[in-house]
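Undergrad: Encoded as structure tokens, here's the structure I'll be asking about.
The values are calculated or read from the model by the stated rules, or taken from the named source; none is laboratory data. Please read all numbers here as calculations on a predicted model, not as lab measurements. Neighbour counts are summed over all protein chains in view; Cβ atoms, including those assigned to glycine, are modelled from backbone coordinates with ideal geometry.
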Amino acid sequence: MKPNGISLNTHSNGHAHNGHSHNHDDLLTDELIDEQGDTHGSANLETPLRADAFDLDDSLKIDLIEEHFREIMTILGLDLSDDSLKGTPRRVAKMYVNETFKGLNPANKPSTTLFDNKYQYNQMLVERDITVQSYCEHHFVPIIGKAHVAYISSGKVIGLSKLNRIVQHFAKRPQVQERLTMQIADELKKALQTEDVAVIIDAAHLCVSTRGVNDTASSTLTAAYSGKFEDEATKQEFLKYVGMNKPTI
Ligand SMILES: [Zn+2]
């Protein structure tokens, strides 16, 4: 795994982005592509973005996505002159840029103001059951679940709702759950100026429940513990607060 430092992930795998070249993609068989969708092989903390990711402004992005989404629907054989369908390309484009993938843009990252921990509360603070609504980057369908985050103050605190907003920011991207978990933990460490943070995500992947293996009962758990949370007693205390300390079998 790469260190947590900022790394700009430019596409070095030769994928063409002009929409017409398929030279390198030909090397990936359909079977291999399906398998990669299941393996969650991304080991990078940073979301793979190109250096020119924000050269286009949001309104131009919406116009271009609208155009391309109309193309997808047309290829599927849908009649875009139908009243029910004709607004869909623009609706989807606006949803992608303004909502679903809003967290790609660092300009949308919530600002965090640190306050002095004037009550000298030096126990762990747990924010549990934070709604997670993300998007699987392998299938472009939702990941829906909950996050539990905790920290032990280093002398500073942030507003409680900022914890929710940090989770939401990184969720609003194409994601794999492992990376989402690490990105939230990393941001909490920076925002709170402490290594003592913990993050658990328990989420259902619609790519698992509504296609492929069609398993509607399973969920995926990921966790990141650092600093004092690597200590077994502290970790168990956190798990107790979020109701996950008992073995379920
Ligand atoms: Zn998926």
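Undergrad: Give all pairs with beta carbons closer than 6 Å in which a residue from region 49-76 that is free of Cβ contacts under 8 Å to residues at least 60 places away in the same chain and part of a helix (DSSP H, G or I) meets a residue that is surrounded by 13 or more Cβ atoms within 10 Å (Cβ to Cβ) and β-branched (Val, Ile, Thr); count only pairs at least 6 apart in sequence or on separate chains.
TA: ASP58/VAL97; LYS61/VAL97; ILE62/VAL97; PHE69/VAL92
Undergrad: Tally time: how many residues in region 201-211 are surrounded by fewer than 21 Cβ atoms within 10 Å (Cβ to Cβ) and in contact (Cβ under 8 Å) with a residue 40 or more places away in the chain?
TA: Final tally of qualifying residues: 6.
Undergrad: Could you tell me which numbered condition PHE54 fails, if it satisfies all but one of (1) modelled with pLDDT of 95 or more; (2) loosely packed, with under 12 Cβ neighbours inside 10 Å; (3) within 25 Å of HIS169 (Cβ to Cβ)?
TA: (2)
Undergrad: Sticking with this structure for a sec: Going residue by residue through region 156-170, is there one that turns out to be under 16 Å from the mean Cα position of the chain (by Cα) and assigned to a loop (DSSP other than H, G, I, E, B)?
TA: No, because not a single residue in region 156-170 is under 16 Å from the mean Cα position of the chain (by Cα) and assigned to a loop (DSSP other than H, G, I, E, B).
Undergrad: Restricting to region 221-249, name every residue that is touching a residue at least 60 places away in the same chain (Cβ under 8 Å) and among the hydroxyl-bearing types (Ser, Thr, Tyr).
TA: If the condition is that a residue be touching a residue at least 60 places away in the same chain (Cβ under 8 Å) and among the hydroxyl-bearing types (Ser, Thr, Tyr), then THR234, TYR241 are the ones that fit.
Undergrad: Also, I was wondering about something else. Here is a list of conditions, (1) on the phi < 0 side of the Ramachandran plot; (2) within 16 Å of the ligand (Cβ to nearest atom), and PHE140 meets all of them except one; can you say which number that is?
TA: PHE140 satisfies every listed condition except (1).
Undergrad: Which of the following residues is surrounded by fewer than 20 Cβ atoms within 10 Å (Cβ to Cβ), in contact with a Pro (Cβ under 7 Å, 6 or more places away or on another chain), of a type outside the set (Phe, Trp, Tyr) and in contact (Cβ under 8 Å) with a residue 24 or more places away in the chain: GLU195, GLU137?
TA: GLU137
Undergrad: Further question: State which residue is nearest to the ligand (Cβ to nearest atom) when the search covers only region 186-226 and only residues that are among the small types (Gly, Ala, Ser) and part of a helix (DSSP H, G or I).
TA: For region 186-226, the residue satisfying everything is SER209.
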